[in-house]
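Below is one structure, written out as C-alpha cells; the observations come after it.
The values are calculated or read from the model by the stated rules, or taken from the named source; none is laboratory data. Only a predicted model underlies this, so the values are computations on that prediction, with no experimental measurement involved. Ideal geometry is used to build each Cβ from the backbone, glycine not excepted, and the neighbour counts take in all protein chains shown.
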Amino acid sequence: MTARELNSVASELAGRQEESDHSHKHLVELSREFRRNVPEEVREMVAPVLKSFQAQVSAQPPAAMSQLW
C-alpha cells in the first residue's frame with residue numbers, strides 16, 4: 001500500500017470510529033429516555049428483548065456495527 005492509500009484507510013477508520021462512538025452515545029441517551037418515559041410494567045415486558053438486542057450490539061465487532069445501521 002502506498003502512503004496515500006494508508007492515509008485514506010486511516011481517515012476512513014477514524015470516521016467510522018467517530019460514527020460508532022456517536023451511535024453508541026445516541027443509543028445510551030435513547031435508553032435513558034425510555035427508562036424515564038415508559039411505565040415500569042412496560043419496561044418489564046420488553047426487558048428481555050432489549051437485553052437481547054444490547055447483547056448482540058455489544059458482541060459485534062466495530063466493522064460489523066456499520067452494517068446494522
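Counting only residues that are under 25 Å from residue 51 (Cβ atoms) and in contact (Cβ under 8 Å) with a residue 24 or more places away in the chain, how many does segment 1-38 have?
Total meeting the criteria: 4.
Can you tell me which residues in segment 29-60 are at pLDDT 85 or above and of a type in the set (A, V, I, L, M)?
Within segment 29-60, 30, 38, 42, 45, 46, 47, 49, 50, 55 qualify.
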